[in-house]
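Colleague: This is the structure I want to talk about, given as structure tokens.
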Amino acid sequence: MPLGRAGRKTQTDEATRRCIATGEAQPRAGLIRFVLSPDGIVTPDLTERLPGRGMWVSAQRDAMELAIQKKLFSRAAKTQATLPDGLLELVEDLLLKRVIDLISLARRNGSAICGFEKTKGALISGKAVVLLQALDGSEPQKGKLRPPDGQNTHITCLKAAELGLAFGRDYVIHAALAGGGLTKSVKHDIARLAGIRGEDAIIEAKQSDEPDAERLKTNE
């Protein structure tokens, strides 16, 4: 295994882990880490900070189901591993809570806004780098706004009630995020949540030569 100048693993090696279900090595960002608790229970470690030997599973529903059904956690841990009831649902709930908490933090520091008019204004001004729209919102309504050009600029994994929790409302259809570390974290965790849910989370916006304001006007 290649080493850096100080005898350490290269950055590439450090950033990849092997999924116990698929057997494929992939970037850590697309995986979920698990450890065994002191009493041998398989425990999700979304922050990747818990002590113990890490077991990594691709953040995809079919990979998680395979790891559970085939008892691959015990094989990876080389000891008996106890699966908590509803492990897949537990992972989904924990990821959802992380995403809602992160968006809520972004709202409090002024880098997340919601509502059609405010979102539209942020897109026109160029302040918004990500458009969030509720999965269960009406398509004609959502089609009135387009995400910023570029990669990973359109998040559509959360339901209106879930997105609303982040903004202290009953429901939210349209929201936007400005640039920054919190936005990067939201995109990271929401992509994992979408994989576990089996939903598309992030859509790559098509490049366009039209100014943002003109593109939005044509959709009003």
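Colleague: Students often get this wrong, so check it: of Lys71/Lys159; Lys120/Lys184; Lys127/Lys187, which have C-alpha atoms separated by over 26 Å?
Modeller: Over 26 Å Cα-Cα: Lys71/Lys159.
Colleague: Write down, largest first, the equivalent ellipsoid semi-axes of the stretch 21-123 in whole Å, where each equals the square root of 5 times an eigenvalue of the alpha-carbon gyration tensor.
Modeller: In descending order, the three semi-axes are 34, 14, 12 Å.
Colleague: As a test of understanding, state the convex hull volume per residue of the stretch 87-207 from its alpha carbons, in Å³.
Modeller: Taking only Cα atoms, the stretch 87-207 has a hull volume of 94 Å³ per residue.
Colleague: If one puts a single equal scatterer on every Cα of the stretch 58-115 and applies the Debye formula without solvent, what log₁₀ I(q)/I(0) results at q = 0.13, 0.19, 0.30 Å⁻¹?
Modeller: -0.51, -0.74, -1.18
Colleague: Name the long-range amide H neighbours of Thr22: under 5 Å, sequence gap of 5 or more, or other chain; modelled H, no Pro or chain starts.
Modeller: Ser58
We did not get these values from a lab; they are worked out from the coordinates using the rules stated. All of these numbers come straight from a predicted model, not from anything done at the bench.
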